[in-house]
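The values are calculated or read from the model by the stated rules, or taken from the named source; none is laboratory data. Remember, it's a predicted structure, so these values are computed and weren't measured experimentally. Cβ: placed from backbone, ideal geometry, glycine included. Neighbour counts: every protein chain shown. Heavy atoms of the whole protein, side chains included, go into the accessibility calculation; ligands, DNA and RNA do not. Shrake-Rupley method; radii C 1.70, N 1.55, O 1.52, S 1.80 Å.
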Amino acid sequence: MLPRQVQRLGRDWIAHWNGSQILTLNSPVASCTRWAGHYPWASFPLPVPVDFSANWRLPPFFGPWRQFQNSNWQLDNFMQSSCFHLPNPSMKSEREEPLIKKRRLVGQCDTSAPEEEINFPDQKETSCHSVAQNEGKHSSKKGSIKRHWEYFCQHNRTMKIKEFQNKESDQSNTESEAKFDFTVMSYNILSQNLLEDNSHLYKHCRQPLLMWTYRFPNILQEIKQLDADVLCLQEVQEDHYRAEIKSSLESLGYHCEYKMRTGRKPDGCAICFKTAKFSLISANPVEFFRHDIPLLDRDNVGLVLLLQPRLHCKANAAICVANTHLLYNPRRGDIKLTQLAMLLAEIASVAPQEDGTFCPIIICGDFNSVPGSPLYRFIKEGKLNYEGLAIGKVSGQEQFPRGQRILSIPIWPKKLGISQNCVYEIKQQQQEDAGEKLEAAKQDSTQEIVTASEKSPSKLQHHFKLSSVYSHYFPESGVPEVTTCHSRSAVTVDYIFYSAASDGTDAQPGAEDSFPGGLQLLGRLALLTEKELWTVNGLPNENNSSDHLPLLAEFRLIER
């Protein structure tokens, strides 16, 4: 017999108790919140107060159950959605966007999946779900992010599909020996220390999902599944690296190099490579902090490796791989540009070859700059006239930057020892002397940039022809790709830049910036839109344990 208070509610009330513990009103239950428990004397499951912040008071017709009126639960749009929704706590950080971000989510999975579709971190099949959402409140979903490979070489497409279907692909076939193909991943894995210091960015996450003991197995599973030949990792916490990250990656066949930040933040950058694929020629850490230069008072770092491909016909072939995490502060574009110049100068000192050109270069990292920003254009175009440029507009992170101070000319002092061409002053002089002795036929456009000194002190140059692996916008819709997504924003700040080869790159992004030799882009792991990420509750979530997505590309080394 139902209590009289419940009988008054009428026959339309449905109590459902099948282990799922859902209370609903004549509506589908796909998006309803599942309850943790019930009370035996109740005719339908009641919520057990746990670690949630909401304000629900039982309606008056639940009269005798007054002891539950202070249980801090909210009945939110009950007649419309027929579900209890648990709103996120209000965000109170002064650095955040408005307290309520209204995102209208359409929970539609990608129905145009190619032959090879990858679920992260596992490959469980999940169905499409509608996302219960009310004024920016997202329900946690158990679905996996689905990403697919985009190819720029039909033969490689066939081989890659075969490889993912059968990991035991034959590495000794004639074609593999004749051509050196390899994959590179860039991944900001979210330092636990930074996560806890910026907890306001992760209000959409359930607390257990933010624990390192939960996150690390997920991150390691992603790395295992993607199986890249080179890993460029950012926000690698030093104690975690020493205790478990390094040993775990070594057990997968990687050799690891690591550079921790110079200040009090215990994280840094790592580059790890498969020892079966490469051998190490040199490892060169870069510290951006300079105690004698007030401008460079931040502790970001970079790491530059020179790698020798194994099983390759050309004995002196080498590939330069750089990794960095530039300063975040959107209003300090002067520091960002100087840090970038220091990294480029180190690459320029590591990558030269005997003929005066540079070996193929890959630069990965979190640049804390958006596509199309002056800093981004400088990397891709190799030049930047910053005269009159506001300091807060360098990275493009803010639409209306507060820091409107104009960049000083020059940006960094001469005692830094780096020229406007982003090479070490001593190295530049040596290159200029050597350039005078080279025959004109051997001097290509890259060498001309090094030897031709710009007279204008407001013009920066670098001597690499770089392309971006990603296009940053989906061509069909023009919707931006996203590499990071949390409570505050969803943007692209992570990149893989590379020396694009001119051979066979008709379908390759950035082919106009190519030169003889270098790297041919064979394929890339497609990124997602912000809307797609919020269908799985943004980042981090149950299956993806960083607030960044891993970037992954496959290259072929092209002989000069």
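Taking the Cα-to-Cβ direction at Ser471 and at Lys224 and moving 7 Å from each Cα, how far apart do the two end points lie in nm?
3.4
With every protein chain in place, what's the accessible area of Tyr151 (1.4 Å probe, Å², nearest 10)?
40
Calculate I(q)/I(0) for the range 182-264 by the Debye formula, one identical point scatterer on each C-alpha and no solvent, and give its log10 at q = 0.20, 0.23 Å⁻¹ to two decimals.
Once normalised to I(0) and log-transformed, intensities are -1.00, -1.25.
Summing +1 for each Lys or Arg and -1 for each Asp or Glu, what net charge is found among the other residues whose Cβ lies under 10 Å from the Cβ of Gln192?
Counting the neighbours of Gln192, the net charge comes to -4.
For a label point 7 angstrom out from the Cα of Leu311 toward its Cβ, which stretches of the range 236-266 have the backbone nitrogen within less than 20 Å?
Residues 250-256 fall inside that zone.
Could you sort out which of Lys459/Lys531; Lys203/Lys259; Lys277/Lys465; Lys246/Lys380; Lys203/Lys531 sit more than 28 Å apart by Cα distance in this structure?
Lys459/Lys531; Lys203/Lys259; Lys246/Lys380
Of the accessible area of the range 173-329, with the probe set at 1.4 angstrom, what percent is carbon plus sulfur?
51
Asn329 to Gln399: extension gain in nm, 0.36 nm per residue of separation minus the Cα-Cα distance?
23.8 nm
Taking the range 277-317, which trypsin sites (Lys or Arg not before Pro) meet the DSSP loop condition and have no more than 15 other C-beta atoms within 10 Å?
Arg310, Lys314
For the full complex of protein chains and a 1.4 angstrom probe, list Met260, Met211 by accessible area with the highest value first.
I get Met211, Met260, largest accessible area first.
Which loop chymotrypsin sites (Phe, Trp or Tyr not before Pro) in the range 218-293, with loop taken from DSSP, have no more than 15 other Cβ atoms within 10 angstrom of their Cβ?
Phe289
Note down the nm distance, to one decimal, between modelled labels 7 Å out along Cα→Cβ at Ser408 and at Ala283.
3.6
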